[in-house]
Amino acid sequence: MDKKYITEKLKAFADKYDISADEDTIGGIIDISSFRVLPKGKIISSIGDDTSTAGMVLSGMVRSYYIDEEGNDITRGFSPEGSLCADEGLLDFAERICMWETLEETTLMLCDVRRIKDLIRGNAGFKDIWIALLERSLRYKIYRENGFLVENAAERYVRFKKQYPEMIGRLPLKHIATYLGIAPESLSRIRSAMREETE
């Protein structure tokens, strides 16, 4: 892929998420990366797979999900453009803890986890990026945990729409429902009630 195009993409993501990243640091990341274009519905990795590679979504959408003992899939989260995916190895998990699949045609930037960690240890600019990504991930986790502890299903849906308005039309409702911890039928009722309130 064209390095200038990828550099501009990564710089735009950094600006969007208020992460400071100079061109040398971005260039260092690109130099150790490979790129794949995957069709919609492609399993990127499965529970139990090794975690030697981590990815970033350059375009498209990726979903991570668990499988319960009855075989149902439960959405853990979504990775739109500019988000990490299949990143358990960066947090020292030896095996994948969830499934990762594309929800749209998706372009991934893939990096060897060991090489990324070498960059983090040896490059102050990349260390700053890593800290910013960790802080963002922790905020996400706190908001998600808070939702399950103090919000009802309708409130969780409203928060999801507010936080991720660009994703609402791109995601199947069944995946949003399992992400919110409810059945698809319950989400349909919530959406219908909201439409009635605005009429």
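Since every read-out is calculated from the coordinates, none of them should be taken as a lab result. Since we're looking at a predicted model, the values are computed, not measured. Backbone-built Cβ (ideal geometry, glycine too); neighbour counts: all protein chains shown.
Using Cα atoms only, what is the angle between the long axis of helix 124-150 and the major principal axis of the chain, expressed in degrees (0 to 90) to the nearest 10?
10 degrees
Label residue 189 and residue 40 with points 7 Å out from Cα along Cα→Cβ: what is the distance between them in nm?
Spacing of the two 7 Å Cα→Cβ label points: 3.0 nm.
Between residue 148 and residue 72, 0.36 nm times their residue separation minus their Cα-Cα distance comes to what?
Roughly 25.4 nm would be gained on extension.
May I ask you to sort 37, 150, 113 by Cβ crowding, counting other Cβ atoms within 10 Å and putting the fewest first?
Exposure proxy ranking, most exposed first: 150, 37, 113.
To two decimal places, what compactness ratio does the range 3-123 give when its Cα radius of gyration is scaled by 2.2 N^0.38 Å?
That works out to 1.07 for the range 3-123.
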